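Colleague: First the structure, which I've put down as structure tokens, then a few questions once you've had a look.
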Amino acid sequence: MTASYQRRFTPAKPVALISSAVWNALRAGAEIAADRLVGGTGDGAEKVRGELALLARTVYRKATDGSDASVAPNTAFSRQLVDTLRTEFLSRLNEDRVNWIDAEEVLAVLSAMEEIGNASDRSDTGEFEARLASSDALRAVLEVAHDMRSPLSAILFLVETLRGERSGPVNPVQERQLGLIYGAAFGLSNLASDIIEAARGNLLTDTNPRTFSITETIQDVSAIVAPMAEEKGLKLLQTYPQIDLRLGHIAALHRVLLNLTSNALKYTEHGSVAIGCTELNETRVEFWVKDTGRGIPEKVLDMLFAGFRPGSVGVRFSSAGLGLAICRTLLESMNSTLRVESTPTAGTRFSFLLELPEAPTGEFPASTKASSTGTGYKSASV
């Protein structure tokens with residue numbers, strides 16, 4: 001993709017001024033992102049805090065005048081820092097209950113983050129790009145996917161603001177319309193994230209296991225897809241564990257559950273979708289997502305785990321098969337396997353087993369806002 005092409009399709013131009021509310025959310029987001037990524041004190045923690053503070057200032061400059069003047073030429077920010085800042089920035093706007101938000105400002109900030117994050121991805125898009133090295137197709141797709149996520153994140157955040165009646169009363173017709181907008185934008189955002197994750201590889205499981213709350217993870221996923229369930233009139237059920245705090249890869253687990261749950265809702269017209277877990281012993285936990293949808297035909301099951309499957313009209317997940325392929329890849333990196341049981345007209349159940357030791361006493365759980373969608377919008381949430 002040429003530079004002129006990218007500039008032409010950049011989703012938001014710099015704005016003349018970022019309001020204090022948006023700047024404060026950006027600055028506070030950087031501080032909380034640093035605490036979530038490293039916590040504690042020490043040289044390493046201070047370095048990350050400094051990088052995030054610089055990133056916040058850089059985003060501000062880009063959003064206001066498109067300038068990189070505040071950054072040394074050799075300075076680069078990792079995609080992890082950018083994604084974490086975006087998550088916390090949107091969360092701060094939501095939790096601080098800003099009464100008046102300029103959509104153009106939010107979009108300019110999110111677009112600046114994507115442009116900065118793209119710089120690191122362009123240098124190495126991993127094994128996925130190597131398979132298509134003979135053309136510029138993958139790079140073009142990744143540019144489009146990155147550019148899609150910023151406006152879609154803004155749409156999702158603003159829809160949630162309207163649904164929460166922070167801009168005035170919402171009547172039933174408007175509530176349904178907002179639900180439809182949310183569902184459409186969420187589907188596109190998930191597809192963009194799937195494309196980007198496929199190109200990056202298993203980055204979500206490259207870090208060491210961390211203490212996290214299974215209950216919060218299930219609640220967070222449920223909150224993200226709640227507008228979709230409400231719009232279709234479906235019950236969204238949850239089952240929680242007895243031992244809550246575990247050691248594991250929270251971002252990868254969150255991503256798998258989100259993909260499975262959102263697609264269960266997509267293919268269920270009546271009844272319910274349930275997400276939960278069952279503790280098989282002290283360390284082994286089974287997670288499952290089941291629905292009362294139309295089921296998956298037997299002839300389709302064999303091709304279900306193949307990404308970019310041709311001619312798979314009507315097959316679950318996207319016709320490209322990326323969502324399920326990413327679930328399988330992430331689970332394999334955690335030494336697990338995705339299983340599926342489906343009965344036509346009776347529903348489908350996806351499940352997988354994970355080894356999740358109980359967290360040491362006194363360990364503080366990682367935030368479930370570190371979702372692999374890279375958005376962090378909450379229906380009152382992720």
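The values are calculated or read from the model by the stated rules, or taken from the named source; none is laboratory data. The structure presented is a predicted model; accordingly, all values stated were derived computationally and were not measured. Backbone-built Cβ (ideal geometry, glycine too); neighbour counts: all protein chains shown.
Colleague: Examine segment 66-77 for a residue that is surrounded by 15 or more Cβ atoms within 10 Å (Cβ to Cβ), at pLDDT 70 or above and in a helix (DSSP H, G or I), and state whether such a residue exists.
Modeller: For segment 66-77, residues surrounded by 15 or more Cβ atoms within 10 Å (Cβ to Cβ), at pLDDT 70 or above and in a helix (DSSP H, G or I): absent.
Colleague: I would also like to ask the following. Does any residue of segment 236-251 turn out to be farther than 21 Å from residue 145 by Cβ, assigned to a loop (DSSP other than H, G, I, E, B) and modelled with pLDDT under 85?
Modeller: no
Colleague: Turning to a different aspect of this structure: Taking the criterion of being at pLDDT 85 or above and basic (Lys, Arg), would at least one residue in segment 356-370 satisfy it?
Modeller: Within segment 356-370, not a single residue is at pLDDT 85 or above and basic (Lys, Arg).
Colleague: Quick one: in segment 155-177, of everything that is β-branched (Val, Ile, Thr) and either exposed (fewer than 13 other Cβ atoms within 10 Å of the Cβ) or in a helix (DSSP H, G or I) (or both), which residue is nearest to the chain's Cα centre (by Cα)?
Modeller: Looking at the filtered set, the residue picked out is 155.
Colleague: If you don't mind, there's one more thing I want to ask. Under the condition of being farther than 13 Å from residue 229 by Cβ and of a type in the set (A, V, I, L, M, F, W, C), which residue from segment 254-281 is nearest to the chain's Cα centre (by Cα)?
Modeller: Top of the filtered list is 258.
Colleague: Does residue 294 qualify as being basic (Lys, Arg), surrounded by 14 or more Cβ atoms within 10 Å (Cβ to Cβ) and at pLDDT 70 or above?
Modeller: So residue 294 fits the description; yes.
Colleague: Determine which member of the set 180, 152, 191 is among the aliphatic types (A, V, I, L, M), assigned by TED's automatic domain parsing to the domain that holds residue 117, surrounded by fewer than 17 Cβ atoms within 10 Å (Cβ to Cβ) and at pLDDT below 80.
Modeller: Answer to the check: 180.
Colleague: Next question, about the same structure. Pairs only if they're at least six apart or on different chains, beta carbon under 8 angstrom, first in segment 338-350 and assigned by TED's automatic domain parsing to the domain that holds residue 325, second among the basic types (Lys, Arg) and part of a strand (DSSP E or B); list them, first residue then second.
Modeller: Within 8 Å, the pairs are 340/349; 341/349; 342/349; 347/290; 348/290; 349/290; 350/290; 350/339.
Colleague: Here's something else I'd like to know. Return the total of residues in segment 233-246 being within 22 Å of residue 262 (Cα to Cα) and surrounded by 18 or more Cβ atoms within 10 Å (Cβ to Cβ).
Modeller: 3
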